[in-house]
Structures are given as structure tokens and as C-alpha cells.
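Scroll down for the structure; my scribbles are underneath it.
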Amino acid sequence: MKNAFFITGTDTEIGKTTIACGLLAAAKAKHLTTAAVKPIASGCELTADGLRNEDALALWQQCTVVLDYAEINPVAFQPAIAPHIAAIESQQVLSVAMLLPKVQVVLEKDADFTVIEGAGGWQVPLNEHEYLSDLAKQLKLPAVLVVGVRLGCVNHALLSKQAILSEGLTIAGWVANIVDPKMSRLSENLGTLQKHLNLPCLGQVPYLQQPNAQQVASYLDITAMLGDKNESK
């Protein structure tokens, strides 16, 4: 398998998709082929083509490998609610066993750079016994931790790191995504995150009103994710 990563975050609404798209754009700038999967998406819009999710569509735009929408986003729910609740309401069953082959279909496309974007934070329930983190554990991919920089982010980031490592996974790096431009003591908090996470920082993305993938990519350095053999192609 070539470079593939599980994108997770410290919470919901902290810019995982924004950063994932930026990472894909950064990979394309290095002339790498790209693919993405958002296994579960809530808050989808009903269209003539079926349910469509804004985040999944954004990921789709950054893929150079030809994929169908259903491959990008195999499980879609219309209500913008927790996936396990949406599944119960729609009488569907969510499990690692049903998600794993759907993700593997895209991984088998063998893109140079693939991202699998989680939902919410790290410990998101799928059912009464499984979590989305169990899917990440089965995939055995390095994680990228997106830290939504706002009040409370240090605690959320350190707990997320601890949880990821406890699953026996590695963390390829973290990204500081500034979601609160008025955060007090911003530089001090960034310094605390850098010191206590003690992981490669892939970039610090400032608050952007209408971010696009190329703009976000300009703040990211994916070299640490790739290794020497893929730094240039």
C-alpha cells in the first residue's frame, strides 16, 4: 500500500475536511495521484442523484483517481446528527465489518496518496459495541490529528493523542487549524500544543473565511508523511 492516512480530529466542526482537502491538494502539487473516502457522512442533501454530502463532494474534487460518489461516501444520512443515531432512525446497521470492504475498494485503487476521513472526533459510536476508531484500528493506517484551535483544544488534543496511541496506531502528524480567530493567547496555546503533543506539525492554518484546498495546502508541509522516496516524483 502506498501513502494512506486516517484523518481524525479533536471534535466535530473543527475543519477535518478542510485540512483533508488541503493535504490532497498538497499531494497533487507534488504530482502524486490522490484518492479519498469519507465512509460515513451525516447532514446530506437529497438531490436528483441521491444523497450528497458537502464534505464528501469537496474531497471528491481533490481526487485524481476516478471514483464514483458511492466510493467516496458509501454511507450517507440526511439528518445532521450522530451517525449511530441516524442509522437507528433509518433502520440501517453500521459496523466495522460493513465499512471495511468499502474503504478497501478505494485503497486498492493504489493512489500515491489516500485519505480516509473520520466523522466527528476519534471515539464516535457505530453501534452499541463498536466505534469508528475500530475501523481505523482494522485499517492499521497512520492517523493525522486535526486540532481545532480554540478554547479547550489542548485538553482535547492530548486526550485524542492518548486514545489513538492506545489503539496501537501511529500518528503521522498533527495540524493546527485555527477555528477561533479571536482566541486569547493564541501563540502561547500553539506553543503548548507543539510541546506536549511532541509530534510532527504538518502546518498551522490560519482562520480563513472561505478556504479552498489550494490555499490551505500552502500552509501545509506533507514531507514528513511521505518519506524520502516520494518527496519528489
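The values are calculated or read from the model by the stated rules, or taken from the named source; none is laboratory data. This one's a predicted model, so the numbers in the text were calculated from it and none came from an experiment. Glycine gets a Cβ as well: all are built from the backbone with ideal geometry, and neighbour counts include every protein chain shown. Surface accessibility is based on the protein's heavy atoms, side chains included, excluding ligands, DNA and RNA. Shrake-Rupley method; radii C 1.70, N 1.55, O 1.52, S 1.80 Å.
Out of the residues in region 198-233 that are open to solvent by less than 90 Å² (accessible area, probe 1.4 Å) and among the charged types (D, E, K, R), which is modelled with the lowest pLDDT?
Glu231
Looking at Thr17, Thr64, Thr114, which is the one that is surrounded by fewer than 23 Cβ atoms within 10 Å (Cβ to Cβ), in contact (Cβ under 8 Å) with a residue 40 or more places away in the chain and either part of a loop (DSSP other than H, G, I, E, B) or not aliphatic (A, V, I, L, M) (or both)?
Answer to the check: Thr64.
Give me the pairs: first residue in region 30-52 and closer than 13 Å to Ala4 by Cα, second residue open to solvent by 10 Å² or more (accessible area, probe 1.4 Å) and among the aromatic types (Phe, Trp, Tyr), beta-carbon distance under 8 Å, and six or more apart or on different chains, which are they?
Within 8 Å, the pairs are Ala36/Trp60.
Looking only at residues in region 20-55 that are among the charged types (D, E, K, R), touching a Gly at 6+ places or on another chain (Cβ under 9 Å) and surrounded by 15 or more Cβ atoms within 10 Å (Cβ to Cβ), which one is nearest to Ala80 (Cα to Cα)? Outline the logic, then answer.
Just the residues of region 20-55 that are among the charged types (D, E, K, R), to begin with: 28, 30, 38, 45, 49, 52, 54-55.
Add one more test, that the residue is touching a Gly at 6+ places or on another chain (Cβ under 9 Å), and what stays is 38, 54-55.
From the residues that got through so far, the ones that are surrounded by 15 or more Cβ atoms within 10 Å (Cβ to Cβ) too are 38, 55.
Values: Lys38: 15, Asp55: 12 Å.
Result: Asp55.
Do we have Lys109 as over 19 Å from Val146 (Cβ atoms), part of a loop (DSSP other than H, G, I, E, B) and basic (Lys, Arg) here?
Yes; evaluated as a whole, the condition is true for this residue.
Being open to solvent by 10 Å² or more (accessible area, probe 1.4 Å) and more than 16 Å from the chain's Cα centre (by Cα) narrows it down to one residue among Ala82, Ala87; which is it?
Going through Ala82, Ala87 in turn, the sole match is Ala82.
If the Cβ limit is 7 Å and pairs must be 6+ apart or interchain, which residue in region 193-211 that is more than 20 Å from Ala58 (Cα to Cα) pairs with which residue that is charged (D, E, K, R) and buried (at least 19 other Cβ atoms within 10 Å of the Cβ)?
Pairs that qualify, where the first residue is more than 20 Å from Ala58 (Cα to Cα) and the partner is charged (D, E, K, R) and buried (at least 19 other Cβ atoms within 10 Å of the Cβ), are Leu197/Lys161.
Out of the residues in region 94-104 that are farther than 15 Å from Val124 by Cα and more than 18 Å from the chain's Cα centre (by Cα), state the one that is surrounded by the most Cβ atoms within 10 Å (Cβ to Cβ).
Here the answer is Met98.
With (1) closer than 22 Å to Phe5 by Cα; (2) modelled with pLDDT of 95 or more; (3) not hydroxyl-bearing (Ser, Thr, Tyr) as the list, and Asn155 as the residue in question, which single condition is left unmet?
Only one criterion is unmet by Asn155, namely (1).
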